[in-house]
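Note sheet for the following structure.
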Amino acid sequence: MKSFSKGKLTVLAMFGLLLIVGFLCLKWMYAWGQLSRGQGNPLFPPEMNAARDARTDFVIGDLGGVSVRIPHYFANYVEYDGDPGFGEKRKEPIPLRTYQSRLASFGFKVRFPDMAGLSSPELWGDFEKYSDPYWKGYYDSISPWIDVGISSGWKYPGKDFLENTVNATLEFNAERDGYPNLAYRNYGGLPRVEYGLTMYAPSGIDPATGKPYREDDYAKDLFVHRGRDGKVDVYIECTNRNLPNMKRTICDQYINLEPSMHAKISIQYPRYWLPQWQKIQRNVSDLIHSFEIEVALKSSVSRVAQPGTP
């Protein structure tokens, strides 16, 4: 009898677990459905989903010291200085947004090289097909859609973040810093320049596999560009996962909009597009600068989406 009861309890526990997993799957499927229709992610605070909840065509604010007016499809997951973070609830009503409201972060997807945003069902369809295994071109095509993230306001890491980040990466020495078993991950300069960038990569052998650590799925190549003053003005990290399958190998490019804006820009794209890094940087920078407004508009006020107080 006891054995039978334990069996019933086990079945009930498994059934309950399946219900929970099913609920979570449905919740994530709903979230993805919202995203796929350009409606934002309901798992984020409502005010961060400009593309879902916007009642105006633009998001306004101060972006790194510059007044901007951003089309809503170029302003997803918008955060202003003082907004609640992920998982937090707002304690006060959403304030009226003006051109003095300091933007902390937002992001968007954009198609390279024409720089079209997700502004129509047709463009959403074009974006989605590159992740659809039933699309006939899925296995032969490289997505032209890139991810752009902007950090400013309290999230801006400072004008020297490019130089500081690269120096910290290249100067890390596992033996000196007390991690001798990780020495194979130290970076070393490679005797070549690619696409006008100096390339660095882990130079050691992974003792677990006997292969160069650079071939590991989690290893990254580092590409650095320095200006005439010798300081880093661009750095790019590229994974080697599934190399040379460029479709599944990702690069993250980091730039600074100083002195025109105090803003950090991150751009993610398939490694296939690495030879175009300069054009990508120029196009993204021009797009962000196109959000600037004229002085005559700075005194106007516009209310951003007010979906209610969570």
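Just need a number here: residues in segment 214-234 that are among the charged types (D, E, K, R), assigned to a loop (DSSP other than H, G, I, E, B) and open to solvent by 60 Å² or more (accessible area, probe 1.4 Å). I'd like the intermediate steps shown before the answer.
Going through segment 214-234, the residues among the charged types (D, E, K, R) turn out to be 214-217, 220-221, 226, 228-229, 231, 233.
After this cut, where a residue has to be assigned to a loop (DSSP other than H, G, I, E, B) as well, the list is 216-217, 228-229, 231.
Then drop every residue that is not open to solvent by 60 Å² or more (accessible area, probe 1.4 Å), which leaves 217, 228-229, 231.
Total satisfying the criteria: 4.
Take the residues of segment 193-213 that are open to solvent by less than 100 Å² (accessible area, probe 1.4 Å) and among the charged types (D, E, K, R): which is farthest from V234 (Cα to Cα)?
D206
Select from segment 149-183 the residues that are charged (D, E, K, R), in contact (Cβ under 8 Å) with a residue 40 or more places away in the chain and part of a helix (DSSP H, G or I) and write down the one among them that is most open to solvent (accessible area, probe 1.4 Å).
Across segment 149-183, the extreme among qualifying residues is K155.
Which number in (1) in a helix (DSSP H, G or I); (2) surrounded by 13 or more Cβ atoms within 10 Å (Cβ to Cβ) marks the one condition that E237 misses?
It is condition (1) that E237 fails.
So which residues in segment 92-116 are over 17 Å from D81 (Cβ atoms), outside any loop (DSSP other than H, G, I, E, B) and open to solvent by 60 Å² or more (accessible area, probe 1.4 Å)?
Once the filter is applied, which keeps residues that are over 17 Å from D81 (Cβ atoms), outside any loop (DSSP other than H, G, I, E, B) and open to solvent by 60 Å² or more (accessible area, probe 1.4 Å), segment 92-116 yields only K109.
Return the residues of segment 190-213 that are of a type in the set (A, V, I, L, M) and either in contact with a helix residue (DSSP H, G or I) (Cβ under 8 Å, 6 or more places away or on another chain) or part of a loop (DSSP other than H, G, I, E, B) (or both); say none if nothing qualifies.
Of segment 190-213, the ones of a type in the set (A, V, I, L, M) are 190, 193, 197, 199, 201, 205, 208.
Residues satisfying the conditions are L197, A201, I205, A208.
Scan segment 240-272 for residues that are at pLDDT 95 or above, more than 15 Å from I288 (Cβ to Cβ) and either surrounded by fewer than 22 Cβ atoms within 10 Å (Cβ to Cβ) or of a type in the set (K, R) (or both) and jot them down.
Hits for segment 240-272 are D252, Q268.
Would you mind stating whether A208 is out of contact with any Leu (no Cβ under 7 Å at 6 or more places or on another chain), modelled with pLDDT under 90 and hydrophobic (A, V, I, L, M, F, W, C)? Give the steps one after another, and end with the answer.
Values: out of contact with any Leu (no Cβ under 7 Å at 6 or more places or on another chain): yes; modelled with pLDDT under 90: yes; hydrophobic (A, V, I, L, M, F, W, C): yes.
Yes, satisfied.
The values are calculated or read from the model by the stated rules, or taken from the named source; none is laboratory data. Here the structure is a predicted model, which is why all the values come from computation and not from measurement. Neighbour counts run over all protein chains shown; Cβ positions are idealised from the backbone, glycine included. Heavy atoms of the whole protein, side chains included, go into the accessibility calculation; ligands, DNA and RNA do not. Shrake-Rupley method; radii C 1.70, N 1.55, O 1.52, S 1.80 Å.
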